[in-house]
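Chemist: Structure incoming, see below.
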Amino acid sequence: MSTAPELDRSTATTSPPAGLFGTGTAVPTVVPAAADLPVEIPVDTVGLSADDKVRTKVITSAIRRRSQELRAEHPVLRHQDALGLAAFGVAVLGFVGSGALYLTGVLPWYVTLFVSAAFAAIGHEVEHDLIHALYFRRRKGIRYALLFGVWAIRPYTINPVYRIRLHLRHHAYSGLPDDIEEVSITNGKPWGAVRLYSLLDPYVPALIRIVTTKPKDAEDALWRQTILKASIGLTPVAITIWYAFLGLHVASWLGADVPSGWLHALTVLTVVWVGPNVWRGFCLHFISSNMHYQGDVEQGNVLQQTQVFNRWYLVPFQVFCLNFGSTHPIHHFYVADPFYVRQLMERDIHPVLAANGVRFNDMGTFKRANRYNG
Ligand SMILES: [Zn+2]
Ligand SMILES: [Zn+2]
């Protein structure tokens, strides 16, 4: 497939696109005010114009077709569980190996930091695919074991089991204030010191806000409970190591008598475990929070939810989130492909996205604080 199919009204139908979770069900939006998030959230596409529904269907069909072609061209892609397991192995072994080479004096700290960050980025994509049950669909035990495995190499992230709910909610309410996952990584906030710092560490600014202010409304209360629940596990451990590392080093430079054993232990843990994820998280949060729109997106309108964000000068960030800005819009239209298939179809699908109204490199989003229309 080398040419971009234009919007073809003669063949495209005006029926609503299938729901993102394969339900095809259109229901009114319900923002749960309860203390927890539902796992299954049908996508409401009732308010979309016929034109937008047609464009969405054209894009989704093109992706599905290319997905089938790729599997015919490369039969190895049909072994999805094995490929997922292989990606998991590469991520974990690469991350651990890079740390081991630092500990044995082969690699300097800054090489380990960036190499480990790149392997952890593979782990992030594996987690995302597991959230959509793209590997071991009928083997929940294996899926959960792999989820905890990729969390072990990415401790500066929320509990992956809780992220399942948050991420499915992201697809259902993308671009709306109810999209807790994106709102929590600064999407929609005005630019300033707080937003910049929150890209590096979304958790501590969120925790400070939770402790020092009262909920504004039911949605805000839900956000607070969600952040607290989703942080149970490795996240506070990573936060403690990171800030102890920073604090004790600053104290040492200022002349305080800090035990050298503590400094050494914290430095090792930061270089081989936490630090690569602070950098990786910054890159992912920067790309993700600027390629998703927020605030005035129409409920369920995938055309407005993301832009393709892939200017050449974004490459230093894209490396550490596996080209997220370029391939994640494809995922919003069609969730059934693993990350490497999205990468393989990127060149063929981008013209289809462009021909049907998805924006490319809309840098005005920085001025508009992510609003679609300004
Ligand atoms: Zn997803
Ligand atoms: Zn998204």
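The values are calculated or read from the model by the stated rules, or taken from the named source; none is laboratory data. Since the model is a prediction, treat every value here as computed from it, not as a measurement. So basically every Cβ, Gly included, is an ideal-geometry build from the backbone, and we count neighbours across all protein chains shown.
Chemist: For segment 259-282, indicate whether the set of residues that are touching a residue at least 12 places away in the same chain (Cβ under 8 Å) and within 21 Å of Ala369 (Cα to Cα) is non-empty.
Modeler: Taking every residue of segment 259-282 in turn, at least one turns out to be touching a residue at least 12 places away in the same chain (Cβ under 8 Å) and within 21 Å of Ala369 (Cα to Cα).
Chemist: Here's a follow-up. Restricting the first residue to segment 160-187 and requiring it to be farther than 16 Å from Glu219 by Cα, which pairs with a second residue that is within 14 Å of ligand 1 (Cβ to nearest atom) and at pLDDT below 90 meet a Cβ separation below 6 Å and a spacing of at least six or different chains?
Modeler: Sorted first by the residue in segment 160-187, then by its partner, the pairs are Leu168/Ile41; His171/Leu20.
Chemist: I would also like to ask the following. Identify all residues within segment 135-167 that are over 18 Å from Thr235 (Cβ atoms), at pLDDT below 95 and either within 16 Å of ligand 1 (Cβ to nearest atom) or of a type in the set (Gly, Ala, Ser) (or both); write none if there are none.
Modeler: Matches in segment 135-167: Arg137 only.
Chemist: Can we say Arg371 is among the basic types (Lys, Arg) and either free of Cβ contacts under 8 Å to residues at least 40 places away in the same chain or within 30 Å of Ala152 (Cβ to Cβ) (or both)?
Modeler: no
Chemist: So which of Gly325, Gly364 is free of Cβ contacts under 8 Å to residues at least 40 places away in the same chain and within 15 Å of ligand 1 (Cβ to nearest atom)?
Modeler: Checking each option against the conditions leaves just Gly325.
Chemist: Those residues that are buried (at least 22 other Cβ atoms within 10 Å of the Cβ) and at pLDDT below 95, I need them from segment 294-332; list them, please.
Modeler: Within segment 294-332, Gly300 is the sole residue that qualifies.
Chemist: Do you know which of the residues in segment 151-175 that are buried (at least 21 other Cβ atoms within 10 Å of the Cβ) and in a loop (DSSP other than H, G, I, E, B) is farthest from ligand 2 (Cβ to nearest atom)?
Modeler: Ile153
Chemist: Please verify whether Leu228 is more than 16 Å from ligand 2 (Cβ to nearest atom) and without any contact (Cβ under 8 Å) to a residue 40 or more places away in the chain, treating the condition exactly as stated.
Modeler: yes
Chemist: Name the helices (runs of 4 or more DSSP H) wholly inside segment 274-374 in which the number of residues that are basic (Lys, Arg) is 2 or more.
Modeler: Qualifying helices (runs of 4 or more DSSP H): 339-355.
Chemist: Only one residue in Arg280, Arg224 is out of contact with any Asp or Glu (no Cβ under 9 Å at 6 or more places or on another chain), of a type in the set (D, E, K, R) and modelled with pLDDT of 95 or more, so which one is that?
Modeler: Details: Arg224 fails: modelled with pLDDT of 95 or more.
On inspection, the qualifying residue turns out to be Arg280.
Chemist: For segment 183-195, does any single residue satisfy the condition of being within 16 Å of ligand 1 (Cβ to nearest atom), charged (D, E, K, R) and part of a helix (DSSP H, G or I)?
Modeler: no
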